[in-house]
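**Student:** My questions all concern the structure below.
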Amino acid sequence: GAPVRPVAAQPNSPLTSVYISDVGSRVYYKDPTNQIIELALDWAQPSQVPPDQGLFASFNPTGFKAAAGGLTCLLAGSGGVRGYYLAELNGKTYVREMTIINGAFSVTPLASNPAPTAALPGSALTCLYIGGVGSRVYYISENNEVCEWGIGGSNTFTSFTNSQAAGDSPLTCTYIGDSGSRVYYINKDGKLYELPFDGGPLIPGASFSM
């Protein structure tokens, strides 16, 4: 077939990826114009070809422009891939959701119901998926608060007023079953903080010196 024509990444672009069983990997990044690009790495015959053979790549422009900041994604079961990025609207920065199902791209503003707090320009992003519940996306607000946007049967939004994350703090999270979610960030005092979520409000946990 015709050679694959790569789409260049912008310097220091964020990266995020997901694996789709029996299909392959999907990697997302920003090109020099801030458009989000999907790199699809598929197996020709998923059940027969070893992971290092039969691989073919395609670069798929999504058509969506992102503001500076994080990029994160998850696999929402049969709901396909969900990607989260920052976009500017009326002088503010907001988190948006991009849906990818069978190669088709669509975007839904997360500010639909209710409208979330605007994000700090350049905020990091992280997310997780809870089976049977929905997605959770975390970002830093204009007030340096760690925010959770819950997307599922009923959308929820929580801002953690005591969090006070550093503006350039990375974010990461994990789900540990019946014990709930854990979100980690760097506070303005330069210490690592944990936000434990056990089915109720997130409460900042113990700090750890860096």
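All of the numbers you see were taken from the coordinates with simple rules; none came from a lab. The shown structure was predicted, so the numbers you read here are calculated from the model rather than taken from an experiment. Note that each Cβ is placed from the backbone with ideal geometry, even for glycine, and that neighbours are counted across all protein chains shown.
**Student:** Can you list residues from other chains, or at least 5 along the same chain, whose modelled amide H is less than 5 Å from the amide H of G167?
**Tutor:** Hits under the 5 Å cutoff: none.
**Student:** Provide the net charge surrounding T62, with neighbours chosen by a C-beta distance below 14 Å and charges set as Lys +1, Arg +1, Asp -1, Glu -1.
**Tutor:** +2
**Student:** What does the charge add up to near V146, with Lys and Arg as +1, Asp and Glu as -1, over the other residues with Cβ less than 15 Å from its Cβ?
**Tutor:** That sum, taken over residues with Cβ under 15 Å, equals -2.
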